[in-house]
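Report on the following structure.
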């Protein structure tokens, strides 16, 4: 039996598991989808997660400065609008994230 | 009957095009933004023009006569920008035949009519998703229509044209050399990068800004390097840097090509002769994608990412001026116009 890699800890997660009870495989990927590629040519994520020991540590500073760069190419799609498929005109409603973020209307 | 005065606007437009002055001499910097490209005069460091453009800018290439710059947006639109009049004069869409394409990598061909792009594609057929094979393709600049293509491995993110366009270098997990001289494009060599642990984000190469040398930083688990590609000869110079890596999105060459400047969270001088690092200062405005340098080597321009463009003194690395741009940006490109 395949080892269970993640475990539901809270009620919402357990409810999702109950929804999936008895579910059979209904679809299968026909190809290895890599669209778009990761944040660099090899590793995902990229070197924004830089290893420096001093300020600024880690990701881009401020994160707003990296917002459009990620949106446009569909990086971090769980955290940002997906500019390649679902939010292609994102730049029109929010060309300057630090100034225009209140105008955001995406889900 | 057509009256003369009804033709006057069209006649005036034709004369205007014919008499369009060349762009003023000197350095011009192009802040590639969102819905707008802003032009900065290199003498006064002021914004002298706004060029409205549809979409999120990404890549750019310039015609040999420096009259036009082609800029890609939203990974599928290609805009022709008249550099004398500072406006978009035409736009082509590479998604025009039922395929939804995204383009990572763009260079102009030498024929003046076509360009090359690195494409991934998708469409639906009978309700099912169909994913096309990744290709590097030549397409018409006026229409976006694909002329010919060659299949490449997944992950191609950037192109550099070399040897008068006879060869295209496609940067992906490895580096693929594509011969364009025959009827069919074909991969003639693969230079390993993946097995060497080379990790590259090759979106900023400054080939035309550097005068025909593409410059891209890369990383391995143990060191940082700078890859230089001579567009005239196709020669690749792989410079391994000694010391603690400086994290950088992009690297531009100083005019003497003995130094380079790298940016991400810092502005760092790279000594290309001794293959090591020089001075480094944090970027006060924050993370930036793009960097450029004046033709006399005295000023450094840092922008892209957020909506600022900072001008630095190249000798002291102190900021001289911060320009507030209309939009966030992807890059800062430089074109030197001659008198």
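The values are calculated or read from the model by the stated rules, or taken from the named source; none is laboratory data. Here the structure is a predicted model, which is why all the values come from computation and not from measurement. Methodologically, a virtual Cβ is constructed for each residue, glycine included, from the backbone with ideal geometry; neighbour enumeration extends over all protein chains shown.
Observations, loosely collected:
- Between B:155, B:165, the distinction of being under 23 Å from residue B:204 (Cβ atoms), away from chain A (no Cβ under 14 Å) and crowded, with 16+ Cβ neighbours inside 10 Å belongs to B:165 only.
- Residue under evaluation residue B:188, criteria (1) over 18 Å from the mean Cα position of the chain (by Cα); (2) farther than 22 Å from residue B:78 by Cβ; (3) in contact (Cβ under 8 Å) with a residue 40 or more places away in the chain; (4) away from chain A (no Cβ under 14 Å), criterion not met: (3)
A quick yes/no check of all residues on (1) within 24 Å of residue B:207 (Cα to Cα); (2) without any contact (Cβ under 8 Å) to a residue 40 or more places away in the chain; (3) part of a loop (DSSP other than H, G, I, E, B):
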{"position": "B:78", "(1), (2), (3)": "yes, no, no"}
{"position": "B:81", "(1), (2), (3)": "yes, no, no"}
{"position": "B:88", "(1), (2), (3)": "yes, yes, no"}
{"position": "B:96", "(1), (2), (3)": "no, no, yes"}
{"position": "B:102", "(1), (2), (3)": "yes, yes, no"}
{"position": "B:115", "(1), (2), (3)": "yes, no, no"}
{"position": "B:121", "(1), (2), (3)": "no, yes, no"}
{"position": "B:124", "(1), (2), (3)": "no, yes, no"}
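- Region B:269-283 - residue that is within 12 Å of chain A (Cβ to nearest Cβ) and part of a strand (DSSP E or B) and, of those, modelled with the highest pLDDT: B:280
- The one condition from (1) in a strand (DSSP E or B); (2) more than 30 Å from residue B:56 (Cβ to Cβ) that residue B:310 does not meet is (2).
- When B:234, B:286 are screened for being part of a loop (DSSP other than H, G, I, E, B) and within 14 Å of another protein chain (Cβ to nearest Cβ), only B:286 passes.
- Meets criteria (within 14 Å of another protein chain (Cβ to nearest Cβ) and modelled with pLDDT under 95) for residue B:216: no
- One residue from B:240, B:291, B:226 being surrounded by 23 or more Cβ atoms within 10 Å (Cβ to Cβ), in contact with a strand residue (DSSP E or B) (Cβ under 8 Å, 6 or more places away or on another chain) and modelled with pLDDT of 95 or more: B:291
- For region B:248-268, the candidate set comprises residues that are assigned to a loop (DSSP other than H, G, I, E, B) and buried (at least 23 other Cβ atoms within 10 Å of the Cβ); within that set, the residue that is nearest to the other protein chains (Cβ to nearest Cβ) is B:265.
- Within region B:208-221, tally of residues that are without any contact (Cβ under 8 Å) to a residue 60 or more places away in the chain and closer than 18 Å to residue B:71 by Cβ: 1
- Any hit, region B:316-328, residues being within 14 Å of chain A (Cβ to nearest Cβ), within 22 Å of residue B:69 (Cα to Cα) and assigned to a strand (DSSP E or B): no
- Selection count where residues are at positive phi, within 14 Å of chain A (Cβ to nearest Cβ) and part of a loop (DSSP other than H, G, I, E, B), scope region B:52-76: 2
- Selection over region B:191-208 of residues that are within 14 Å of chain A (Cβ to nearest Cβ), over 14 Å from residue B:155 (Cα atoms) and in contact with a strand residue (DSSP E or B) (Cβ under 9 Å, 6 or more places away or on another chain) gives a count of 4.
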